[in-house]
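**Q** Mind having a look at this structure? Questions to follow.
Bear in mind that the values in this text are calculations on the coordinates, not laboratory data. Since this is a predicted model, take the numbers as computed values, not measurements. For neighbour counting, all protein chains shown are included, and Cβ atoms are generated from backbone atoms with ideal geometry for every residue, glycine included.
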């Protein structure tokens, strides 16, 4: 069984960005794409855990892009590449009624009740179209935001992101 949500983002997006924390896993995924469209690299980087890894098909780096510095460089290119693209996002979140929603197997192969996997199927368009699959592994962070503004509050960040075309 899948829970599905859709979001359409056009190139003429005029949404204003206000810093906010996103607590819902689906919101984090939509926020990721909105921040790319709004070219807000600072807020985009706040969505990632300090030890995050991005597996992307372009650079062919074994083991993925590790850490915020490598991820930020990649996302700056992504922002430029997405400038004139429109995209449609469909979230696919597998749910089993006999299993708690927060119970998934993490990228380390271990069961972890603090990890959630969400897959976004994205159709990019500018004349022609191409489909991509973004799998977000979100992990809870009990330490608050890096700036201390939310110290002690629990929220999720992107632990790993797998991008496939």
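**Q** What order do you get for 58-69, 30-41, 116-127, 76-87 when each peptide is scored by the mean count of other beta carbon atoms within 10 Å, highest first?
**A** Values: 58-69: 12.2, 30-41: 18.0, 116-127: 16.3, 76-87: 14.5.
The packing order, highest mean first, is 30-41, 116-127, 76-87, 58-69.
**Q** Let me ask something else about it. Working out 0.36 nm times the residue gap between residue 83 and residue 129, then minus their Cα-Cα distance, what length gain in nm do you get to one decimal? Numbers along the way, then the final one.
**A** Numbers: separation 46, 0.36 × 46 = 16.56 nm, distance 1.49 nm.
Net length gain for the segment: 15.1 nm.
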